[in-house]
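Each remark here refers to the structure printed beneath this line.
The values are calculated or read from the model by the stated rules, or taken from the named source; none is laboratory data. None of the values given here were measured: they were computed from a predicted structure. Cβ placement follows ideal geometry from the backbone for every residue including glycine, while neighbour counts extend to all protein chains displayed.
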Amino acid sequence: MQPDPHAQEGVWTRHSGQWQRIGSPLKPLPEDARRALSLVQPALAEAGLPSKVLVLGVTQELVQLPWPAGGRLLAVDHSGPMIASLWRPSTAVSSEVLRARWQELPLPDASVTAIVGDGSLNALPSLAGIPAVLSEARRVLRPAGLMALRCFIRPDRQESLEAVRDAALQGQVGSFHALKWRVAMALPADAGFSVAVTDILASFEQLFPDRDELARRAGWPRESTDTIEAYRGTDTRYCFPTLAALAEVAAPHFSIVEQRCGEYELAERCPTLCFRPLPESA
């Protein structure tokens with residue numbers, strides 16, 4: 001059975017109303033956005049003007065980058081509430097936003113110079129959904145184009161939930177958002193590296209039954225922990241693959257040619273990967 005695409009909208013509808021309360025590493029820092037621009041810069045330079053950039057999502061840190069003058073930018077997102085809440089046109093180039101699925105991009109073949117995104121592949125419900133998105137990305141990307149995506153990568157050696165709990169209560173986790181991703185990546189992985197957000201919430205509540213105590217001992221604002229309420233009662237799932245698993249499913253469409261990380265908390269699990277399109281099979 002194929003996952004219901006509408007099930008993925010639940011969390012994003014709720015996040016649209018609290019996005020300003022979400023922080024790193026869930027949201028990119030300016031350095032993450034600059035890293036993406038740097039990775040696709042060779043394609044932009046080779047293409048000359050006019051370049052066309054595709055953003056998978058409406059991440060403003062990416063939209064507002066200093067893209068080459070005279071070019072165009074298109075952002076594509078499946079969530080109407082996220083578009084309504086977050087979309088602001090680029091101040092550097094002509095830009096527009098479309099509501100569409102990344103598996104069915106409304107673009108001609110080989111029409112895009114560069115593709116960027118932040119956590120885009122992780123927003124899919126399982127590893128099995130990634131090839132369809134990458135196939136479309138390769139279709140619309142020019143042969144000399146490049147794609148830079150920040151990806152949330154499960155470590156090869158899985159952390160235990162108990163270790164995550166102890167670190168948080170000892171004040172060793174810098175933000176609730178880093179804790180949330182550590183809990184998510186510590187949950188048992190199935191073959192598709194799929195994690196239900198309700199399982200993240202349930203594990204969090206089991207580990208930390210007293211949110212006031214957690215906030216006090218960790219040194220966080222109490223309200224930051226309540227952003228996890230977006231996960232309650234929704235069918236949304238996220239995908240947290242290992243780097244090897246991601247490279248394997250990408251291989252028919254892209255090779256991962258570079259990997260760059262920041263220096264902030266959990267940055268080693270949030271690399272920006274540069275994908276180069278592979279030739280179409282004969």
Would you mention how many residues in the stretch 130-172 are crowded, with 16+ Cβ neighbours inside 10 Å and of a type in the set (S, T, N, Q)? 0
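For Ala75, state whether it is within 21 Å of Leu107 (Cβ to Cβ), assigned to a helix (DSSP H, G or I) and among the aliphatic types (A, V, I, L, M). Let's see the steps before the verdict.
Values: within 21 Å of Leu107 (Cβ to Cβ): yes; assigned to a helix (DSSP H, G or I): no; among the aliphatic types (A, V, I, L, M): yes.
Judged against the criteria, Ala75 is not a match.
Would it be correct to say that Asp226 is under 30 Å from Cys274 (Cβ atoms) and at pLDDT below 95?
Working: under 30 Å from Cys274 (Cβ atoms): no; at pLDDT below 95: yes.
Considered against the rule, which asks whether it is under 30 Å from Cys274 (Cβ atoms) and at pLDDT below 95, Asp226 comes out as no.
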Contacts under 8 angstrom Cβ, first residue in the stretch 249-266 being assigned by TED's automatic domain parsing to the domain that holds Leu39, partner of a type in the set (S, T, N, Q) and crowded, with 18+ Cβ neighbours inside 10 Å, 6 or more apart: Gln259/Thr272; Arg260/Thr272; Cys261/Thr272; Tyr264/Ser24; Glu265/Ser24; Glu265/Ser175
For a quick check of your reading of the model, give me the residue pairs whose first member lies in the stretch 47-75 and is more than 17 Å from Ala137 (Cα to Cα) and outside the structural domain of Asp118 (by TED's automatic domain parsing), whose second is assigned to a strand (DSSP E or B) and of a type outside the set (Phe, Trp, Tyr), with beta-carbon atoms closer than 8 Å and at least 6 apart or on different chains. none
Filtered residue count, the stretch 75-113, keeping only those that are within 19 Å of Ala148 (Cα to Cα) and either of a type in the set (Phe, Trp, Tyr) or within 17 Å of the chain's Cα centre (by Cα) (or both): 6
Output the number of residues of the stretch 63-80 satisfying the condition of being farther than 19 Å from Thr113 by Cα and either buried (at least 16 other Cβ atoms within 10 Å of the Cβ) or of a type in the set (D, E, K, R) (or both). 2
